[in-house]
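Structure, as structure tokens:
Just so you know, all these numbers are worked out from the coordinates, no wet-lab data involved. Not measured: the values here are computed from a predicted model. Positions of Cβ are generated from backbone atoms using ideal geometry, with glycine treated the same way; all protein chains shown enter the neighbour counts.
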Amino acid sequence: MALAYFITFSTYGTWLHGTDKGHGSVDREHTVYATPFLAPDDVREERAALRMTDPPYVLHESARTIVRDAIVALCAEKNWTLHALHVRSNHVHVVVSADREPGRLMSHPSRRRSRTHSMVRAVRWRSTTPALKTPRNP
């Protein structure tokens, strides 16, 4: 069992397979530690962009808070040790110790992320929809 896991995930559409950002990206065939990342591929990146059903999602301040709080709560609920957490506008870094294998560990943030994403979308929708803004009392 590893001492801790360093987990990074990006928000929807901000880091597509084939990108030339950073060191590249990972896919199902490029996930082993200390092995090469997926090579930049403009065609693959364009295909990924065309499959998107929504625009890329960037987390604003209140959405970052929701994501942070959800990860902290998940770690407390699962009795995992959260060593570090950094929620950025387009990606999240987590360093966590847990009593499970990485595959099982990663399934929990993914499920929690799906539920959290619904909360974040609601916050984004409310904050950009004038009809839902509370009128001021005179």
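Length gained on full extension, R104 to H23: 26.6 nm, using 0.36 nm per residue less the C-alpha separation. Determine the shape class of the stretch 22-110: with a ≥ b ≥ c the square roots of the Cα gyration tensor eigenvalues, call it rounded for a/c under 1.5, and otherwise prolate if a/b is greater than b/c, oblate otherwise. Oblate, since a/c reaches 1.5 and b/c is not below a/b. Shown here for the stretch 33-67: trypsin sites (Lys or Arg not before Pro) in loop regions (DSSP other than H, G, I, E, B) with at most 13 other Cβ atoms within 10 Å, of which there are none. Would you work out if the stretch 1-65 is rounded, prolate or oblate? Take a ≥ b ≥ c from the square roots of the eigenvalues of the alpha-carbon gyration tensor; rounded if a/c is under 1.5, else prolate when a/b is larger than b/c, oblate otherwise. The shape class here is oblate. Each residue of the stretch 89-95 is assigned a 3J(HN,Hα), and the resulting list reads 5, 10, 7, 10, 10, 9, 10 Hz, derived from the Karplus form 6.51 cos²θ - 1.76 cosθ + 1.60 (θ = phi - 60°), x at Gly and Pro.
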